[in-house]
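The structure appears right after this line, and notes come after that.
Each value in this text was obtained by applying a stated rule to the coordinates, not by laboratory testing. The model shown is predicted, which means the values in this text are computed figures rather than measured ones. When we count neighbours, we look across all protein chains shown, and the Cβ atoms used for this are built from the backbone with ideal geometry, even at glycine.
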Amino acid sequence: MKRSFLLYFLITIIGVLFIGRLFQLQIIKGANYDPIHNAAVKTVYDYPERGYIYDRNGKLLVANQLSYDVMIQPNQVKPLDTLEFCKLLKIDKADFLKRYKKAKHYASYLPSVFLKQLAKEDFAYLQEKLHKYKGFYIQKRIIRDYPIKAASNVLGYIGEVNEVLAKKNNYYEQGELIGKDGVEVEYEEYLRGRKGKKYLHRNRFNKVTGSYRNGEIDTLPVNGKDLTLTLDIDLQAYAQKLMSGKRGGIVAIEPSTGEILALVTAPSYDPNMLVGRMRSKNSVLLFRDSISKPAYDRGLLATYAPGSPFKMMNALIGLQEKVITEHTSFKCYNGFRYGNRPNEFMGCHCGIYGKPIQLKTAIAKSCNTYFSNTYKRIVEHNNNPSEGLDIWKKHISSFGLGNYLGYDLPAGSPGLIPDGKYYDSRYKYTWNGSTTISNAIGQGEVLTTPIQLANFTAAIANRGYFYTPHIVKKIDNTPINNPNFTIKKQTTIDKENFNPVIEAMSEVFKTGTGKWSQVKGIEICGKTGTAENFIRVNGIKEQLEDHSILVAFAPKDNPKIAIAVFVENGGFGSTIAAPITSLLIEKYINGKISKANKYRETNMLKISLQAIYDKQIPKPQELETGTK
Amino acid sequence: MRQEQNNIFAGIDWILVFLFFFLVGFGWLNIYAASKTDTSTELISFSTKYGKQLIFICLTIPLIIIILFFNSKFYERYASVFYVLAIFSLLLLFPFGKEINGAKSWFNFGVLGLQPSEFVKAFTALAVAKLLSDRQYNLGLIKNQIKAFFIIFLPAILITLQPDAGSALIYLSFFFVLNREGLTLNYILFGSAFIVLFILTIFFGTNWMLFSMFSIISIFVFYAIYKGGKRFLRFNWHKIIGIYLIVGLFIIGTGYTYNNIFKQHHRDRFEVLLGLKVDNKNIGYNSYQSELTISSGGWFGKGFLKGDITQGDFVPEQHTDYIFSTVGEEWGFIGSSFVIILFMLMLFRIIYLAETHANKFGRIYGYGLASILFFHLIVNIGMVIGLLPTVGIPLPFFSYGGSSLWGFTILLFIFIRLDAHKNYDW
């Protein structure tokens, strides 16, 4: 063997090995190389303006405004007159040092936010003097502006994208703005538009050295789309005003379209509270208040026993299932005895003792006995309460009760409509209509949200159908075409069965429980409700003031508005909920409150239930609704 | 043909000259890409790395002419003088050297720094050639082997003391030369075996290695006893014990050296390479960036001056030791494989020419040259493509630096000079 062989051999081996390794790196591993998302390319975003939001009449609800952040790049900071600088920024020296240290700790050669969202007047003053302070500069940011201080629960708010979301969703970078609640989150993709991207070469000191591929893959920003809501902001603001000092929810819907005219939760807050420098302080106030829960949308989330308005549901089912007719009558003896034991008796306030009561009167006077009989007949129709209740539930579900409605807002609650199985497992098959008799009058297990009840009312107003409630009318001035909102949903009740019920509801505002709240010239159809509720303190049940409830629509023919009002602990339906409803209907249909009815407004504004709510504060509590 | 002796270019191997200029030129393009700045546009200038390198490259031409000007005999005759001067220059570093990056490896002459260790390689090669080509010399004798080792390791030790262990490592390449001239291959085999053992010990830990090596050797011993019977044991028992002892002690010694004598930064390099530690930010940053940079090149590279990782200066020392990563990024798999093939061609050509020398001196020197270049390639490219730990030695002809460029120029052109005269009777 030649002596030179070894070196030839080794050189060849090494050469092949190296080329093989290069193949592995450049061809196999190189296939996964991402030419854009790496350290050498910097992506700079060009943010489009977020879409504006208008109400149904074109009133501007949400706009944008400029805000000014003081930025710092610590390695460029020269010695400065801290005292004067602190005065300009309205901070103290300790705060200055803390912020400076934080920025320096983050990165000395990178800019970071020194002071967020300067007040406009401070900015004007600072701008003149800023040249003296090297390493500090101003960065503009776009934030939301709310010209009208209402509907914060509908509009929602925007906030910064956090790390978790930024990792999950590849559109967002940490710290960018995103809708966090209400319409802002539901229509985020329309409102935000599309940010423009510019790709730049950068070196390892993060210094930009030129554009990537001469900008050929850069994109321009696309502006956000404006939204027109279905909301009538005047009605909304008026309703919020009427609810001051009270807790509860109001939902108003246009029955012919399903458009939400007002969606009120009380207490509420000024949407501007979640903008600007006071934001973090305010959000503690709003989100940490677990007692009055201003950030909790009662109109969508709170589940209440519907109370007497639910009697209409039972009437409709009774008529549809032909267990009663318009002329069926029951006698009431100040209540209904559904069992033999002394406590198995449901009281009634209809005040018609021992005389036959027909449907119209029963609704107008809210007779518990009449509907207990009707409910029993529905449920025990075939001597099989479980099946009977399933049929009962089927009808109710067709009104959108007992499940999420499918509207375009991010919060919701299904409420509860029990079916046969529900009681089968609870009572081990030994139950009947009497056992669950509270359902007859909208108490017991039944739970609904204000928006569900408003939708139920709209379906009655339409005599048998509804459109799924929705909050957005137009996107970029084009009416929405989401079939979920534009195709009518039929209930399982025939049209003719609505007439007696509507006649009766009309009677409520003529001669019944709502007669003190009638409005001249508008035929209101409605039903009051009074739901008992209890709190449990250390295991002891304590009865609270009743919830005041009312559902109504108007006018009787060609209804323009359907509304549900819940006022927590407001007492009888007729005392608070009815006048509020009447005021809102008058306001919406006539545009103003007539002089004759002005006293109602004055009264309602005066009423504050704070004293009652305060009673509930000191004890850790658990709210629950009970049976009448 | 005699009169052509007056022409200094007569008989020189133009293939090697061409390869030299091609590699140097291509190297400079990559240095330009790796060190380009926005502020200066002058090509020849002392203010930029690529400007300085271009000056260094221009200066190789007078250097080459001077080298070619002398007669082959001159190099043979004065080999020992060169060697002594070289050693002397290394010694002078201790009092007069300038400390850069913790090593006293440089003489400082104003704008210019010289690194003697880059030149000593050439003169050591001359000295080794001189020693081994002596007619009286027989490598079979231990005494002569020690003489050769002394010549080779004296500069290596001095360089280690600077301390610049990476540059000293190169002197191991002379084993190829000695092997060519008759030294038994056992040195290389044993050396390689111990390197493997060393790496395995670091990787698996002392205890595990002691156990497994004991088992492996025992299996061989039992097999040998089974085959050879009692006779085998009677005649070889001392060898068997010796093997056990040497291997065992080596493993224990490795563990001790690694944990107690190595510095943390040495250990980190090994551990990152062997995948015992994942660290893309600090210790492993160079290797990680370098691999990433090369990977990003793909088949054809991003194009000259279009490698964004190179242009963003993300790879430290990219114009010097990591220059090959620039090739990888901007010229892709095709470009970087081409460079490796060019180097292989150069090495083959040198060995081929060396083998044609009738004169032993020229052949041995040629082997020295090939071995040194080869070793540089293995260590440098191996490091840049993430196969070997970080050892800071330059890529011949490519890396930025006057000393290294001139050192390799001298090394190569002395051989070209010797080769040009091989057919003449001298």
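Brief remarks follow.
- Debye log10 I(q)/I(0) for the range A:233-515, one point scatterer per Cα, at q = 0.07, 0.11, 0.15, 0.17 Å⁻¹: -0.30, -0.71, -1.17, -1.39
- Along the range B:144-160 the Karplus relation, 6.51 cos²θ - 1.76 cosθ + 1.60 evaluated at θ = phi - 60°, assigns HN-Hα couplings of 5, 4, 4, 4, 4, 4, 4, 4, 6, 8, 4, x, 4, 5, 4, 6, 4 Hz to successive residues, with x for each Gly and Pro.
- Using alpha carbons only: equivalent-ellipsoid semi-axes of the range A:68-147, gyration tensor based, whole Å: 20, 15, 12
- The range A:13-55-the range A:69-116 distance, computed between alpha-carbon centres (Å): 35
- A:Glu163 sits among other residues whose Cβ lies under 14 Å from its own Cβ, and their net charge, with Lys and Arg +1 and Asp and Glu -1, is -1.
- Cα-derived Rg to Rh of the range B:197-262, Kirkwood definition: 1.10
- Over chain A, the reciprocal of the mean inverse Cα-Cα separation, the Kirkwood hydrodynamic radius, stands at 28.4 Å.
- The range B:95-156 - percent relative contact order, Cα under 8 Å, separation 6 or more: 19
- Note on the range B:119-221: semi-axes of the ellipsoid equivalent to its C-alpha gyration tensor, largest first and rounded to whole Å, are 32, 20, 9.
- A Förster radius of 30 Å combined with the Cβ-Cβ distance from A:His131 to A:Asp46 puts the calculated FRET efficiency at roughly 0.65.
- The protein assembly as shown - charge dipole about Cα centre, Lys and Arg +1 at Cβ, Asp and Glu -1, debye rounded to 20: 1400
- Sorted fewest first by neighbouring Cβ atoms within 10 angstrom, A:Ser67, B:Ser133 come out as B:Ser133, A:Ser67.
- Restricting the range A:129-177 to GluC sites (Glu not before Pro) that sit in a DSSP loop and have at most 14 other Cβ atoms within 10 Å of their own Cβ leaves A:Glu173.
- Among residues other than B:Lys302 with Cβ under 12 Å from its Cβ, the summed charge is -1 (Lys and Arg +1, Asp and Glu -1).
- Phi-derived couplings, Karplus 6.51 cos²θ - 1.76 cosθ + 1.60 at θ = phi - 60°, listed residue by residue for the range A:382-388: 9, 6, 10, x, 5, 5, x Hz, with x used for Gly and Pro.
- Stretching A:Val208 away from A:Asn603 to a fully extended chain increases their span by 135.6 nm, per 0.36 nm per residue minus the current alpha-carbon distance.
- Choice from B:Leu43, B:Leu249, B:Leu342 with maximal GNM fluctuation in chain B (Cα, 10 Å cutoff): B:Leu249
- Within the listed set B:Gly166, B:Gly182, B:Gly297, the Gaussian network model of chain B (springs between alpha-carbon atoms below 10 Å) gives the highest mean-square fluctuation for B:Gly182.
- Amide hydrogen neighbours beyond the local backbone of A:Lys331, cut-off 5 Å, H modeled: A:Ile357
- Translational diffusion of the protein assembly as shown, µm² s⁻¹ [Kirkwood Rh, Cα pairs; Stokes-Einstein; 37 °C; 0.692 mPa s]: 87
- Value of relative contact order over chain A, rounded to a whole percent, pairs C-alpha under 8 Å and six or more apart: 13
- Counted by neighbouring Cβ atoms within 10 Å, the residues A:Cys350, A:Cys525, A:Cys86 run from fewest to most as A:Cys86, A:Cys350, A:Cys525.
- Per-residue ellipticity at 222 nm from helix content only, as computed over chain B with -39500 (n - 2.57) for each DSSP H run of at least four residues, stands at -23000 deg cm²/dmol.
- Look at the alpha carbon pairs under 8 Å that are at least 6 residues apart: their mean separation over the length of the range A:68-147 gives a relative contact order of 55 percent.
- When the trypsin sites (Lys or Arg not before Pro) in the range B:49-154 are filtered for DSSP coil states and for at most 14 other beta-carbon atoms within 10 Å of their beta-carbon, the remaining sites are B:Arg135.
- Scalar couplings 3J(HN,Hα) for the range B:304-310, obtained by applying the Karplus form with A = 6.51, B = -1.76, C = 1.60 to θ = phi - 60°, are 4, 6, 10, x, 6, 6, 5 Hz; x denotes Gly and Pro.
- Two-site label geometry, A:Ser244 and B:Ile241: point separation in nm, points 7 Å out along Cα→Cβ: 10.6
- The label-point distance for A:Ile612 and B:Asp13, in a model that sets each label 7 Å from Cα toward Cβ, rounds to 10.6 nm.
- Isolated cysteines in chain A, defined as those with no second cysteine Cβ under 4.7 Å, comprise A:Cys86, A:Cys332, A:Cys348, A:Cys525.
- The GNM of chain B, with springs linking C-alpha atoms under 10 angstrom apart, assigns the highest mean-square fluctuation among B:Met213, B:Met344, B:Met383 to B:Met213.
- The range A:113-257: radius of gyration over Cα atoms, expressed as a fraction of 2.2 N^0.38 Å: 1.45
- In nm, spacing of pseudo-spin labels at B:Leu387 and B:Leu305 (7 Å Cα→C-beta vector): 3.3
- About the centre of its Cα atoms, chain A shows a dipole size close to 1920 debye [charges on the beta carbon of Lys, Arg (+1) and Asp, Glu (-1) only; nearest 20 debye].
- The Cα center of the range B:358-426 and the Cα center of the range A:543-610 differ in position by 98 Å.
- A DSSP coil position with no more than 14 other Cβ atoms inside 10 Å describes the following chymotrypsin sites (Phe, Trp or Tyr not before Pro) in the range B:10-75: B:Phe46, B:Phe70.
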